[in-house]
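Accompanying notes for the structure given below.
The values are calculated or read from the model by the stated rules, or taken from the named source; none is laboratory data. Fair warning: this is a prediction, and the values are worked out from it, not measured in the lab. In this analysis, Cβ positions are derived from the backbone assuming ideal geometry, glycine residues included, and neighbour counts consider all displayed protein chains.
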Amino acid sequence: MVLFIEKPFKRLMRIRGIGQVLTVTAGLVVLSIIFGIMNPIFFSSRNVANLLRQIAPILLIGIGQSYVLITGNIDLSIGSVVGMSTMISATLMTKGINPWVSVLITIIACLGVGLSNGLLVSFAKLPPFIATLGTMTIARGIAQIANNNYNTDSIGEAAQGLRDFFYYGKTFGLYNTIWIALVLWAIFNFILTRTKTGRHIYAIGSNAEAARLSGVNLVSTTTKAYLVSAFVSCVVGLITTATSGMGTMDAGNSYELYAVAASVIGGVSTLGGQGMLFGTIIGASIWGVLQNGLQFAGAPVAIRNIVIGIIVVISVLLDVIVRSGRGARKKRIESTT
Amino acid sequence: MVLFIEKPFKRLMRIRGIGQVLTVTAGLVVLSIIFGIMNPIFFSSRNVANLLRQIAPILLIGIGQSYVLITGNIDLSIGSVVGMSTMISATLMTKGINPWVSVLITIIACLGVGLSNGLLVSFAKLPPFIATLGTMTIARGIAQIANNNYNTDSIGEAAQGLRDFFYYGKTFGLYNTIWIALVLWAIFNFILTRTKTGRHIYAIGSNAEAARLSGVNLVSTTTKAYLVSAFVSCVVGLITTATSGMGTMDAGNSYELYAVAASVIGGVSTLGGQGMLFGTIIGASIWGVLQNGLQFAGAPVAIRNIVIGIIVVISVLLDVIVRSGRGARKKRIESTT
Amino acid sequence: QGTKENASAYNIYLITMDQMDQHWVNVDKGAQKAAEELGNVNYKWLAPDVKDDAKQIESINNAVAGGADAILLAANGPNAVTAALKEAADAGVTIVYVDSAANFPAVQTLATDNTAAGTTAANVMIAALKENGVTSGKIGIISVNSATASTVAREAGFRKAFEGTSFNILETQYCNGDAAVSKDMSANFITQGVVGLFGANEGSTVGVGNAIAEAGTGVIGVGFDKSDMILSLIKNGYILATMAQNPDVMGYEGVKTAYRALNGEVISPEYVDTGVSVLTKANL
Amino acid sequence: MEDEAYIVEMEHIVKTFPGVRALDDVQFHLKAGQVMALLGENGAGKSTLAKILSGVYTRDSGTMRLFGKTIEGDLSPKQAQEMGVSIIHQELNMCSHLTVCQNIFLGHEKTKGSLLDNRSMRKQAQEVLSSLEIDLDPDIQVGDLAVSKQQMVEIAKALQSNAKVLIMDEPTSALTSVEIEQLFHLIRGLQSKGVGIIYISHRLEELQHIVDVVTIMRDGKYILEKPFKELSMNQIISNMVGREIKEKFPRIPSHRGKKVFSVQDLCAGPLVKHIHFDVYAGEILGVAGLMGAGRTEMTRAIFGADPKEKGRIILDGKEIAISCPEDAIRHGLVLAPEDRKKDGLCVKLSVRENIALPNLDLLCSKAGIVNRKKETEMVEKAIKDLKIKLSSTEANASSLSGGNQQKVVVGKWLARNSKVVIFDEPTRGIDVAAKVEIYQLMNQLKESGIAVMFISSEMPEILGFSDRIMVMCDGRITGELTREEATQEKILELATQFENKFETQVG
Ligand SMILES: Nc1ncnc2c1ncn2[C@@H]1O[C@H](COP(=O)(O)OP(=O)(O)OP(=O)(O)O)[C@@H](O)[C@H]1O
Ligand SMILES: Nc1ncnc2c1ncn2[C@@H]1O[C@H](COP(=O)(O)OP(=O)(O)OP(=O)(O)O)[C@@H](O)[C@H]1O
Ligand SMILES: [Mg+2]
Ligand SMILES: [Mg+2]
């Protein structure tokens, strides 16, 4: 594989946080093998296609949360934005509005939440936990009020194109949902690693004051991260609408926490400045594989929760231990220079 | 009232965050008057007794979250500990174990979660958000596994004493639940304001390094705060068991966020070092009054969410604005010295 | 279509809304019993961890991916799962509804007629109120949320029976099935002076019963579902009656129906009301 | 030696930080009732020694005896306190949410039973405060106090604990002259009670009032210990500096060009009052002053990092509007800040990313995509020019030694063509060789016709390297000296021209 061409490999190994990513990648492989042995169906092409489609929404919200976490903040409103997106889009469609127009309106509404989050945190300087706790509650309220406190009816035949686009259709043999996640991942990964905005996001997460003194605009950069988060949540909401063919007020409940888990398992630091979206793919996959594999294994929900909780704690604990170990090693090296 | 004796009053006015507390107290009064006018039943003695009892659990978890927030951390496991407490206690009682022995075992189990939280955060130095996200999932899993993944049967006649003690009984004309909340409030308020431990809790939230250099033990102080949080959550779980006469695995869902809201509305800062439990009473009361009053007003759930979200954001925004105003004044004072 | 543990055996999956209620456990028990009796059936319960449309669809997809020959489904809502079911049907999977149906053709639905059951509940309440000489007043309903089709139907049936009476039904309160929350809401209703309270599921009913037990007033409580807790509330006279469903019958007959359909039999009728029994202190 | 009399004996102390050997075989002795001055240049290791003695840092090796008892293993802050060692830190380190009284007693609160005895703590705090002759309500929150008052609270905190060894690390840096006088009075009182005092200060003129003995350190090494009376001020300074100063400053002749940059009537807060100066192309303008003179605040206000109340900034004859650092950078005015950890570096990012950060506008296409090739070229050139020592450009900034970190802070501003470059204490805490490299760099800028401002608290550096020296005191510019007329005495005189505080207070 490309990895073994020496130069890129060396460069790869120097990337910050790569250790955590490689560890959890190994974990993912082991986990998959275990589930595969326990149940041969796990590796059937049908289940793999299915599994990938289940991972896609977690990956998407993981991307959003990673952006926000890397700036050193947090977004608790993700789940509610998913709910808001599905309710607004479905309500509009049941009212006979063209599906794609509905999608556009939905995106604008969701970006409104992202904008509020960004401004509350960076301009009004509210603690991000509180600001997004507030918008989380409000967005859930909007989801509920959208169709007058009921789930919507079916979005109907007119929306079949939309449903295929976001969920049921396949392109080159892969479900569209997977393509959507991959394309958005590629775009947002590119922005994060190759553009000015991406650099600024890492910089403010690492040291906001130093970044400001280097000419980084804190308000616009923070807001961009929250907008990305709101946008991917909106897409997940649209996928949910396409999946269900209707709007459910409860949709997306707790997704903000899944998103934190996927990001953090994948090596994104909640303290900001560190992480990469490649890790988020692994984190989301672990999450999806656990859910899928444990369900097939017939594990009761309780066991699933305990396993997942332990994996979250251990993966961060590992990171802390590795880092402090590395710190110790570093000290020894430096003391000899 | 005592307040008007000049010296204590002056001292009171100097307490940081008192402004926020007074503002929201005024807000609480206004809110109550509005609900009272909308529906005269609101002030009936029956509803007041009821309302106070509904506020009690929120006050209790608010106390716990306030302790943790003042140390500069957060506890996301509160809701799951409530669920764990109700499931463990109810399961034990349905298995015929003496109610008070069951209570004791439950308290020990819940304190175990608090201890883990404290050590993960202060000793292993995990980010509190992640550490308690992990224990939140694990504790919920324990709640589910306690009675083999379903809600318990009735805790039976033997537990009637316990049910009266925690919920149905009255003492001096007030429901026991209210007494429990008040007594625990008084104790924890006393500890926070009058003992060394309390002082240290504020100190590490204000400046952990300075506190450490002054000889404050970060690990034991942080852990104590998490133990308080686990303890009050446990009590709320026991109240829930008493209320329902059975154990529900879902009990306490999202309570950690209600607890943050009650604390923050009452002037506790999520950045640590600041807040008082008197404010938490007001915060919890606003929360309870809103829930109760909006039900009487026939407001749909959606509106309640939106109203509550807005109140959370505005109350913190007010605090930020007031503080930055004071900051400006402070600078001016300095310039004249 | 995947490998089978027993080549000649059928893979039958049960998919419920979540794993939280005793109700689902009883459906599972009935299904297990039937599977054991039939012998060459690989039966498995796939429960989503929380009640969520997207998660239920995932479970359906997982069952299909897992080589299902038949799925017993308790649909979250009538519409959400239809597309996933169509995919399943296209893959040759036989569908049987238990508890709640979706808007997609299946070989049979074995369920409680929730609307009818709601009406039954209302009639029991009206009769009891009349017996007490009460012909008007406020009535409160506690339900799970406004998004669950079965409880929404019970609520609708309940309200329908009150049409034309001089009773006034208040805005429904939603407790998300949490018995403690239901208790608070019921207490608030009692403060408002209701004469009757209806709990639309297990948790709601427990809360109603506890609130009436505490208030000790002559409020008539009627509930839904059967659990040990609810039975003890009935025994003590706090709840007048509960509409007990027969989840084990749904599971048991559901698996048998699926098996017969897989063997090529033509199934009728399309809809089987597994019925509710009105449990009161008298018939316990 | 009469060992019995020593209450502190430290021998062969070694302490290493990443990249720096802060203490190298250092010895230190103190007797009861003695005031010992611990002197040395910036970075000599004074604070580190003090922190080891008070348990904040642990020594790598060496022996320590306190009150005749040998300390085995590590000493914790709490143990040190219990043994009677108290320290006033150089940097303010208080819990700003707690009151004066609460801070004073933090960690050793008085209790009655298990209760806090607030009344007696308040009373005792009041006593300590009045012994310092400061009129402060002990119930006021520390965060609400001015910096000098906070410093007094630190002092009160240390006094209250009835220490037998009291370390004061630059206690006077933030104090007014009246407060300093009170402090000296107090020190004499403690001395007569047999307390041993370690006094660290850069203000050598203060020493004659209180000091008995002097210990001098240089570059982490012990130099000498002698009674104060046996040393002249010149001897002290030459022992502190100890190197041939001439070679330290590789000055090149200046070719003063046109006026590039001027600041007129700049006001921003209490530490920047009516600042007015010009800078010319091809010269280095040194800015001298005591700590707390407001030099950092001035540069931050110019750069747009802090809001200004009024003032005009003129670049190349045109007034420019600067409301944030972005504006300043765009106009070609850049600042290498003083505190590299806090303001200068994103320590979790690589050296490459740090150097590229302010220059992304030059490295990006119109669409905002970073050109990796250009970036690598820029970063490699900066590293080569500044001789930054690192394992790879991908190394975290935090893994570099202090001097190399400082070079990165400087280097990130040199990659672009600026018109004015402001260096705020660019040589703080870095070794001699690194200093010379930074001087060379400033020389290059000067040669290419850029206006350079150079802020430093080190007198020899200012004297040896600036073409013109501006002196600040108390937020005002108190004078300007050409290179030829500048002497240490003249600078000190200007740096201590305080406004009459009593008049301002009345007014
Ligand atoms: N925590 C630390 N991490 C890394 N290096 C440090 C640390 N503390 C001090 N140093 C380094 O150790 C050396 C000695 O620093 P120290 O603070 O003891 O000097 P000092 O004599 O007190 O100087 P000053 O007069 O500026 O206060 C310096 O090179 C400094 O950069
Ligand atoms: N963020 C801060 N918090 C508390 N005190 C501060 C802060 N920044 C500066 N000070 C204090 O304000 C005073 C002025 O500092 P400033 O850095 O402007 O002085 P300066 O002339 O640059 O001196 P030097 O660079 O030698 O420290 C100093 O006493 C400093 O300790
Ligand atoms: Mg120092
Ligand atoms: Mg400075």
Reported set for the stretch A:293-314 where residues are of a type outside the set (A, V, I, L, M, F, W, C) and touching a residue at least 40 places away in the same chain (Cβ under 8 Å) is A:293
The number of residues in the stretch D:290-307 that are under 30 Å from residue D:490 (Cα atoms) and more than 16 Å from ligand 3 (Cβ to nearest atom) is 11
Residue hits (the stretch D:274-321; within 14 Å of chain B (Cβ to nearest Cβ) and away from ligand 4 (no atom under 16 Å from the Cβ)) are D:274, D:307, D:308, D:309
Being more than 16 Å from ligand 2 (Cβ to nearest atom) and away from every other protein chain (no Cβ under 14 Å) narrows D:442, D:453, D:470, D:459 down to just D:442
Of the residues in the stretch D:205-217, those that are at pLDDT below 85 and either closer than 11 Å to residue D:37 by Cβ or within 16 Å of ligand 3 (Cβ to nearest atom) (or both) come to D:206
Quick check on residue D:161: is it among the hydroxyl-bearing types (Ser, Thr, Tyr) and more than 16 Å from ligand 2 (Cβ to nearest atom)? yes
| task | Please indicate, with yes or no, whether at least one residue in the stretch D:360-373 is more than 9 Å from chain A (Cβ to nearest Cβ), closer than 16 Å to residue A:193 by Cα and assigned to a helix (DSSP H, G or I). | result | yes
Of the residues in the stretch D:213-230, those that are buried (at least 17 other Cβ atoms within 10 Å of the Cβ) and away from ligand 1 (no atom under 16 Å from the Cβ) come to D:213
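So that you can scan it fast, the table gives a plain yes or no per residue for (1) more than 11 Å from chain A (Cβ to nearest Cβ); (2) in a helix (DSSP H, G or I); (3) at pLDDT below 95:
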residue	(1), (2), (3)
B:63	yes, yes, no
B:68	yes, yes, no
B:82	yes, yes, no
B:103	yes, yes, no
B:116	no, yes, no
B:131	no, yes, yes
Screening A:248, A:243, A:193, A:222 for residues that are of a type in the set (S, T, N, Q) and either within 14 Å of chain D (Cβ to nearest Cβ) or surrounded by fewer than 24 Cβ atoms within 10 Å (Cβ to Cβ) (or both) leaves only A:193
From the option list A:267, A:298, A:273, A:309, single residue qualifying as within 9 Å of another protein chain (Cβ to nearest Cβ), small (Gly, Ala, Ser), surrounded by 21 or more Cβ atoms within 10 Å (Cβ to Cβ) and on the phi > 0 side of the Ramachandran plot is A:273
Checked pairs for the stretch D:286-298, first basic (Lys, Arg), second in a strand (DSSP E or B) and more than 6 Å from ligand 2 (Cβ to nearest atom), C-beta under 6 Å and 6 or more apart or across chains, list as D:295/D:287; D:295/D:455; D:295/D:472
The residue from B:108, B:145, B:97 that alone is more than 29 Å from residue C:18 (Cα to Cα) and modelled with pLDDT under 95 is B:97
With criteria (1) within 16 Å of ligand 2 (Cβ to nearest atom); (2) in a helix (DSSP H, G or I), residue D:80 comes up short on (1)
Filtering the stretch D:93-152 down to residues that are under 20 Å from residue B:275 (Cα atoms), of a type in the set (D, E, K, R) and modelled with pLDDT under 85 yields D:144
Here the qualifying pairs (Cβ atoms under 6 Å; residues six or more apart or on different chains; first in the stretch D:36-59 and closer than 16 Å to residue D:197 by Cα; second at pLDDT below 85 and within 12 Å of ligand 1 (Cβ to nearest atom)) come out as D:39/D:240; D:46/D:40; D:47/D:90
Here the residues within the stretch C:10-24 that are among the hydrophobic types (A, V, I, L, M, F, W, C) and over 12 Å from the mean Cα position of the chain (by Cα) are C:12, C:14, C:15, C:20
Just one listed residue, out of B:137, B:152, is crowded, with 21+ Cβ neighbours inside 10 Å, more than 30 Å from residue A:72 (Cα to Cα) and at pLDDT below 95, and it is B:152
Picking from C:220, C:267, C:190, the residue that is over 16 Å from residue C:26 (Cα atoms), away from every other protein chain (no Cβ under 13 Å) and buried (at least 18 other Cβ atoms within 10 Å of the Cβ) would be C:220
Here the residues within the stretch D:297-317 that are buried (at least 22 other Cβ atoms within 10 Å of the Cβ) and within 15 Å of ligand 2 (Cβ to nearest atom) are D:298, D:299, D:300, D:301, D:302, D:303
Scanning the stretch A:177-192 residue by residue, the ones that are under 26 Å from residue C:80 (Cα atoms) and touching a helix residue (DSSP H, G or I) at 6+ places or on another chain (Cβ under 6 Å) total 3
Condition set outside any helix (DSSP H, G or I) and more than 7 Å from chain A (Cβ to nearest Cβ), scope the stretch B:140-149, selection surrounded by the most Cβ atoms within 10 Å (Cβ to Cβ): answer is B:147
Picking from D:337, D:325, the residue that is crowded, with 18+ Cβ neighbours inside 10 Å, free of Cβ contacts under 8 Å to residues at least 24 places away in the same chain and either within 14 Å of chain B (Cβ to nearest Cβ) or away from ligand 3 (no atom under 16 Å from the Cβ) (or both) would be D:325
Filter the stretch D:394-413 for residues that are modelled with pLDDT under 85 and away from ligand 1 (no atom under 15 Å from the Cβ); the one that is nearest to the chain's Cα centre (by Cα) is D:395
Only one of A:161, A:134, A:112, A:215 is over 25 Å from residue D:342 (Cβ atoms) and over 22 Å from the mean Cα position of the chain (by Cα), namely A:161
Residues in the stretch D:23-41 that are surrounded by fewer than 16 Cβ atoms within 10 Å (Cβ to Cβ) and either at pLDDT below 90 or not assigned by TED's automatic domain parsing to the domain that holds residue D:183 (or both) total 0
Residue D:97 meets each of (1) within 14 Å of chain B (Cβ to nearest Cβ); (2) away from ligand 2 (no atom under 16 Å from the Cβ); (3) surrounded by 17 or more Cβ atoms within 10 Å (Cβ to Cβ); (4) part of a loop (DSSP other than H, G, I, E, B) with one exception, condition (2)
Scanning the stretch C:72-96 residue by residue, the ones that are assigned to a strand (DSSP E or B) and in contact (Cβ under 8 Å) with a residue 60 or more places away in the chain total 3
In the stretch C:141-179, residues that are under 20 Å from the mean Cα position of the chain (by Cα) and either outside any helix (DSSP H, G or I) or under 30 Å from residue B:83 (Cα atoms) (or both) total 23
The correct count of residues that are away from ligand 4 (no atom under 16 Å from the Cβ) and not in a helix (DSSP H, G or I) in the stretch D:43-57 is 6
